[in-house]
Amino acid sequence: MSGLLIHLRAAPTLLRIGFAEMVAYRAEVAVWILTATLPLVMLALWSAAADGGTLGSFSQDDFVRYFAVILVVRQVTSAWLVWELNYNVRTGALSPMLLRPLNPLWWNLAETVGALPLRIIVLSPILAVLIWWKPQIALLPSAATFFLGCVSVFLAFVLAWLVQAVFGMLAFWYEQSVGLYNLWFVAVALLGGYVIPMDLLPSSIVPLARVLPFHSALGAPVEVWLDATPDPCRTLALQAVWVAVTATAAWFMWGRGLRRYGAVGA
Amino acid sequence: MRELRLIAALARVALMNAAQYRASFLVDLVTGAVSTVGIVLPLALVYNHTERIAGWSFHESLLVTGFFLLLQGAVGLAVEPNLSAIVEGVRSGALDYLVLKPVDAQLVASMQRIAPAKIWHLLAGVGVVLWGLSALPSPSLVASLTAVVLFVVGLFATYALWVLVICTSFWFVKVDNLSYLLVAVVDAGRWPVTVYKGWVRLFLTVVIPVAMVTSYPALALLGRLGPWLAVQGVVVAIVLLVISRVAWLLALSRYTSASS
């Protein structure tokens, strides 16, 4: 139990280090953030398709609103653990990290959270331009929506990070695990609401897509924020279930993987 | 003539280097196929709800997406690996060995490496263009030739842009991220350029002329490209090539190696 205590005590310091690191590489981080332009590219296509009218239940303003929120949620829930773990396992850089009293995953989680303020700073001019272009998209959510939205984004953040942990740990068995993660991300793009809002998917696959983890990791919080989900509490519960499932998988794989890593003698 | 022999020799060495990694060639086949699906399927899903977008039908848009895949393939195959090698050379000083050779440094630097796995993107691009054409009246010979020429010219323009980005590495050293940003902007070329409005469209036609590489050849195949636009495409490419050449020479004259 003292292990947990050490991790909690170290958290504030780790967060400070993480933030300082991001500030040190601010230009690089900003460029990384700006590369996630896909929501804007998709917005251009959808809004040209709607062409002043509506598409399904979406007007042009709805599209702007949807992809603006997607852009933000995608940024605040993104991580780089899968690349880092893959690299560290392949090159053996993980070994010295394991000698520390802190779990390297915990370290990465703190860095990821530490990057959040910078992400928001870089995003704000883009959002400002979108709101300047379409002032009517700015809506003030109700207190309940705000609260549920924050919880949903938090769950999506944890889920996305855990999924990266799982795919990163696959590197213990299979070195090209980053390629597999790309498959996951294509699924998130298509079935999770990244390039197409859930309601505009072919209606036969919508019920299935709604319970899959891809939606919980990205589309769900967007819908909660926009008050566009029939039952927000059910959405949150489903997200929590997926978090629990991936957390179990990650915990299991970490134990098994480390044993294998040691066995190779790297 | 000497340059042509040099190009052939460089291409052979690059191919031999790349052929060493056979397993990753196959893994990239899967990744390439999935990313193609990730690019084409959203288009199909949007067209599920409407017949035409910004004046383009689904099969017409497929032509643009096909050329976009070809562009991605060509850049990934031959442009991007070389230019990241140059950035690395500037940082580590390995560029010394290159500038000492009695040949044009830009030519050699641009042809050192090749990533053959990107051939899958090229094949996918050809497939998507053919898919689009299958539901459209077949283009005339002149139209097809114009499309090919415009696409190749556009590739040179893209190469010039990459060289410009790389040139900044002689001043700022660490610019590999900047090339990712360029990739992100080029991403906008996957849809017909009329999807974009106002200054965004202008930006994508003139500054980062990705529309020229993807939309113009598609328009040419459809017989809708005026001669004026074709000329404009060629002019933009030439201007970019000249600027990039000047920038390269200027940047090289500033190269101080890593140790001194």
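The values are calculated or read from the model by the stated rules, or taken from the named source; none is laboratory data. What you are looking at is a predicted structure, and each value in this text was computed from that prediction instead of being measured. Cβ atoms come from the backbone with ideal geometry, glycine included; neighbour counts cover every protein chain shown. Surface areas here come from the heavy atoms of the whole protein model, side chains and all, with no ligands, DNA or RNA. Shrake-Rupley method; radii C 1.70, N 1.55, O 1.52, S 1.80 Å.
Among the residues of region B:17-60, not one is among the small types (Gly, Ala, Ser) and in contact with a strand residue (DSSP E or B) (Cβ under 7 Å, 6 or more places away or on another chain). If you filter region B:45-67 down to residues that are part of a helix (DSSP H, G or I) and at the interface with chain A (Cβ under 10 Å from one of its Cβ atoms), you find that the one that is farthest from A:Val186 (Cα to Cα) is B:Ser61.
With respect to the conditions (1) within 21 Å of A:Asp199 (Cβ to Cβ); (2) touching a Gly at 6+ places or on another chain (Cβ under 8 Å), A:Leu85 lacks only one, and its number is (1).
Can you find a residue that is within 14 Å of chain A (Cβ to nearest Cβ) and either of a type in the set (D, E, K, R) or under 23 Å from the mean Cα position of the chain (by Cα) (or both) anywhere in region B:126-137?
Restricting attention to region B:126-137, the residues satisfying the condition of being within 14 Å of chain A (Cβ to nearest Cβ) are none.
No, because not a single residue in region B:126-137 is within 14 Å of chain A (Cβ to nearest Cβ) and either of a type in the set (D, E, K, R) or under 23 Å from the mean Cα position of the chain (by Cα) (or both).
With respect to the stated conditions, A:Trp46 is open to solvent by less than 30 Å² (accessible area, probe 1.4 Å) and either on the phi < 0 side of the Ramachandran plot or in contact with a strand residue (DSSP E or B) (Cβ under 8 Å, 6 or more places away or on another chain) (or both). Candidates A:Val241, A:Val151, A:Val224, A:Val245: the one that is away from every other protein chain (no Cβ under 14 Å), β-branched (Val, Ile, Thr), over 19 Å from A:Leu109 (Cα atoms) and open to solvent by 40 Å² or more (accessible area, probe 1.4 Å) is A:Val241. Number of residues in region B:151-178 that are in contact (Cβ under 8 Å) with a residue 24 or more places away in the chain and either away from chain A (no Cβ under 14 Å) or open to solvent by less than 10 Å² (accessible area, probe 1.4 Å) (or both): the value is 18. Would you confirm, using the coordinates I've provided, whether A:Leu201 is more than 14 Å from A:Val151 (Cα to Cα), more than 16 Å from the chain's Cα centre (by Cα), aliphatic (A, V, I, L, M) and surrounded by 15 or more Cβ atoms within 10 Å (Cβ to Cβ)? Against the criterion (more than 14 Å from A:Val151 (Cα to Cα), more than 16 Å from the chain's Cα centre (by Cα), aliphatic (A, V, I, L, M) and surrounded by 15 or more Cβ atoms within 10 Å (Cβ to Cβ)), A:Leu201 qualifies.
For beta carbons closer than 9 Å, sequence separation of 6+ or different chains, a first residue in region B:76-90 that is touching a residue at least 60 places away in the same chain (Cβ under 8 Å) and a second that is in a helix (DSSP H, G or I) and of a type in the set (Lys, Arg), the qualifying pairs are B:Glu80/B:Lys118. Filtering A:Trp251, A:Trp161, A:Trp173, A:Trp184 for residues that are closer than 21 Å to A:Leu98 by Cβ and free of Cβ contacts under 8 Å to residues at least 40 places away in the same chain leaves a single hit, A:Trp251.
Mind checking whether some residue in region A:133-144 is among the charged types (D, E, K, R), surrounded by 18 or more Cβ atoms within 10 Å (Cβ to Cβ) and touching a Lys or Arg at 6+ places or on another chain (Cβ under 9 Å)? No, region A:133-144 contains no residue that is among the charged types (D, E, K, R), surrounded by 18 or more Cβ atoms within 10 Å (Cβ to Cβ) and touching a Lys or Arg at 6+ places or on another chain (Cβ under 9 Å).
The residue of region A:176-195 that is most open to solvent (accessible area, probe 1.4 Å), among those that are at the interface with another protein chain (Cβ under 10 Å from one of its Cβ atoms) and in a loop (DSSP other than H, G, I, E, B), is A:Gln176.
Report yes if A:Gly168 is buried (at least 19 other Cβ atoms within 10 Å of the Cβ) and small (Gly, Ala, Ser), otherwise no. Don't jump to the end; show me each part of the working.
Details: buried (at least 19 other Cβ atoms within 10 Å of the Cβ): yes; small (Gly, Ala, Ser): yes.
So A:Gly168 fits the description; yes.
Residues that are within 14 Å of another protein chain (Cβ to nearest Cβ), open to solvent by less than 20 Å² (accessible area, probe 1.4 Å), in a helix (DSSP H, G or I) and touching a Phe, Trp or Tyr at 6+ places or on another chain (Cβ under 6 Å) are absent from region A:18-35.
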